[in-house]
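Undergrad: Before we start, here is the structure in question, set down as structure tokens.
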Amino acid sequence: RDTALAQIMRLVEEAQGSRAPVQRLADRIAGVFVPIVIALAIAAFVIWFDLGPAPASLFGTVAFVTVLIIACPCALGLATPTAIMVGTGRGADRGVLVKGGNALEAAAALDVVVLDKTGTVTEGKPAVIEVLTRGKADGVEPLDEDAVLFYAAAVERLSEHPLGEAIVREAETRGLELAEAGDFEAREGRGASAMVDGRRVAVGSAAYLIELGVDIGPFTDPIDTLAAKARTPVLVAVDGQPAGLLGLADPIKPSAVGAVRQLSKMGHHVIMVTGDIRKAAIAVAGEVGVDDVESGMLPAGKVAVIRRLQAQGKRVAMVGDGVNDAPALAAADVGIAIGTGTDVAIEAADILLMSGDLRSAVTALELARRTMRTIRQNLFWAFAYNVVGIPIAAGALYPLSGVLLSPVLASAAMAFSSVTVVSNSLRLRRFIPTFAT
């Protein structure tokens, strides 16, 4: 298996050797450039031979050769790849790995940035903050906090969900000895159930328990209270009866507020998607400054959000870190994976952030804009050089100055055009992002 360093080197090499879509424009122009230049050189020779002063053949030959020398397509050919090479290298220096030039070009023209909540906006390390139990009712003997955690952890130990891992950690912290669970059933993004000590235990969202026919009425108000405090409510039912409510909190990343503010400042519409209930999602969004929230999202729902935005003509980036984010990362115009996330998410993304700092996503988009601006500058100078240089080489200034450009000077000008493009691309090495560290 490749080491992390080897994987980074491979990604950088592949990106530097890739071709951005804008390169195809330069290639098409270069494809017709040579025959056009030859035609112009022949036309210059004919005009000088027919209309030029004596010796007309010498003037015509000099003009013919000078046009061929000065009109080199090298600058056009270097405009895109040099900028991509320097830009992706600078990105790697800043902990941003771009998988190809097409990702850079797409990232420079985004309209919407969609952020997953868990692990992207938040730390992705939820913890159990509150354990609420049900009072005695209808002859049902209530469970104490440890008993609720005991049953919940026994089920969630078979789950790989971050919330489930947090429940297991809390049970272990309290010194509870977890029982073996059997007949385990999981519903993606909703919850799970299993047999624990001969009792059927269900753990999950309110919607999940309602599907199972559990009356969650005793916990309706506590659920709203937890959600208002940006805590994720997880219900526990035993033998079809609501037994307890767990309130989990996932700390917001310190970098999230500044990153969201800068993304908005750059003109991006920022949306947060999450599987949480709406009240909890709105509470988190309010803390980081996100105005638009899509809550209760399963993996397919996140993809649907991306597709809906694209159908509206929007160019969309998705930023995520988990297995649940992989389909949305693949569906987006640009998928940006947090490097601390899962291998599946990293593989599905176009841009990989080596750190879990959301500000690195801002750096990636700023770098993409700067690289594309450099490419456009390179193409402009390459075109401008040929538009100005070819007429001068053909003798356009001779009637005014009596001087015909020397082939030697034409060759120097040709070399200078390539040096100009390369030098402009190398300016990307001095790129400093808004959140420089």
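Undergrad: Inspect all residues belonging to segment 338-350 and state whether any of them is under 18 Å from the mean Cα position of the chain (by Cα) and at pLDDT 90 or above.
TA: Checked against the condition, which is being under 18 Å from the mean Cα position of the chain (by Cα) and at pLDDT 90 or above, segment 338-350 yields no hits at all.
Undergrad: Which residue, of 326, 304, 317, 280, is surrounded by fewer than 23 Cβ atoms within 10 Å (Cβ to Cβ) and hydrophobic (A, V, I, L, M, F, W, C)?
TA: Result of the check over 326, 304, 317, 280: 304.
Undergrad: Report whether or not residue 411 is of a type in the set (Ser, Thr, Tyr), outside any loop (DSSP other than H, G, I, E, B) and under 30 Å from residue 298 (Cβ atoms).
TA: Spelling it out, it is not the case that residue 411 is of a type in the set (Ser, Thr, Tyr), outside any loop (DSSP other than H, G, I, E, B) and under 30 Å from residue 298 (Cβ atoms).
Undergrad: Another one. Could you please give the count of residues in segment 274-312 that are under 18 Å from the mean Cα position of the chain (by Cα) and not in a helix (DSSP H, G or I)?
TA: Counting residues in segment 274-312 that are under 18 Å from the mean Cα position of the chain (by Cα) and not in a helix (DSSP H, G or I) gives 2.
Undergrad: Now for a separate question. Against the conditions (1) of a type in the set (Asp, Glu); (2) within 19 Å of residue 130 (Cα to Cα); (3) touching a residue at least 12 places away in the same chain (Cβ under 8 Å), where does residue 211 fall short? Just the number, please.
TA: Of (1) of a type in the set (Asp, Glu); (2) within 19 Å of residue 130 (Cα to Cα); (3) touching a residue at least 12 places away in the same chain (Cβ under 8 Å), only one is false for residue 211: (2).
Undergrad: Taking the residues in segment 427-437 that are surrounded by 13 or more Cβ atoms within 10 Å (Cβ to Cβ) and assigned to a helix (DSSP H, G or I) as candidates, determine which candidate is nearest to the chain's Cα centre (by Cα).
TA: It comes out as 428.
Undergrad: Same structure, new question: Which residues, taken from segment 411-426, are surrounded by 13 or more Cβ atoms within 10 Å (Cβ to Cβ) and either in contact with a Leu (Cβ under 9 Å, 6 or more places away or on another chain) or not hydrophobic (A, V, I, L, M, F, W, C) (or both)?
TA: Within segment 411-426, 411, 413, 417, 418, 420, 421, 422, 424, 425 qualify.
Undergrad: If you don't mind, another one. Return the pair list, or none, for Cβ contacts closer than 7 Å from residues in segment 389-412 that are over 18 Å from residue 74 (Cβ atoms) to residues that are modelled with pLDDT under 85 and surrounded by fewer than 12 Cβ atoms within 10 Å (Cβ to Cβ), at least 6 apart or on different chains.
TA: Listed by first residue and then by second, the contacts come to 397/403.
Undergrad: Look through 131, 155 and report the one residue that is assigned to a strand (DSSP E or B) and either under 28 Å from residue 185 (Cβ atoms) or at pLDDT 90 or above (or both).
TA: Just one listed residue meets the conditions, 131.
Undergrad: Do we find that residue 89 is of a type outside the set (Val, Ile, Thr) and in a helix (DSSP H, G or I) in this structure?
TA: Yes.
Undergrad: Then there's this: Return the residue satisfying two criteria in turn: it lies in segment 312-323 and is at pLDDT below 85 and in contact with a strand residue (DSSP E or B) (Cβ under 8 Å, 6 or more places away or on another chain), and of such residues it is nearest to residue 100 (Cα to Cα).
TA: Out of the qualifying residues, it is 321.
Undergrad: Is it the case that some residue within segment 273-292 is in contact with a Lys or Arg (Cβ under 7 Å, 6 or more places away or on another chain) and free of Cβ contacts under 8 Å to residues at least 40 places away in the same chain?
TA: Checking segment 273-292: at least one residue is in contact with a Lys or Arg (Cβ under 7 Å, 6 or more places away or on another chain) and free of Cβ contacts under 8 Å to residues at least 40 places away in the same chain.
Residues checked against (1) touching a residue at least 40 places away in the same chain (Cβ under 8 Å); (2) surrounded by fewer than 23 Cβ atoms within 10 Å (Cβ to Cβ); (3) touching a strand residue (DSSP E or B) at 6+ places or on another chain (Cβ under 8 Å):
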{"position": "101", "(1), (2), (3)": "yes, no, no"}
{"position": "104", "(1), (2), (3)": "yes, no, yes"}
{"position": "124", "(1), (2), (3)": "yes, yes, no"}
{"position": "143", "(1), (2), (3)": "yes, yes, yes"}
{"position": "153", "(1), (2), (3)": "no, no, no"}
{"position": "157", "(1), (2), (3)": "no, yes, yes"}
{"position": "179", "(1), (2), (3)": "no, yes, yes"}
{"position": "186", "(1), (2), (3)": "no, yes, yes"}
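The values are calculated or read from the model by the stated rules, or taken from the named source; none is laboratory data. On a predicted model such as this, the values are computed, not experimentally measured, just so you know. Counting neighbours? That spans all protein chains shown, and the Cβs are built from the backbone with ideal geometry, glycine included.
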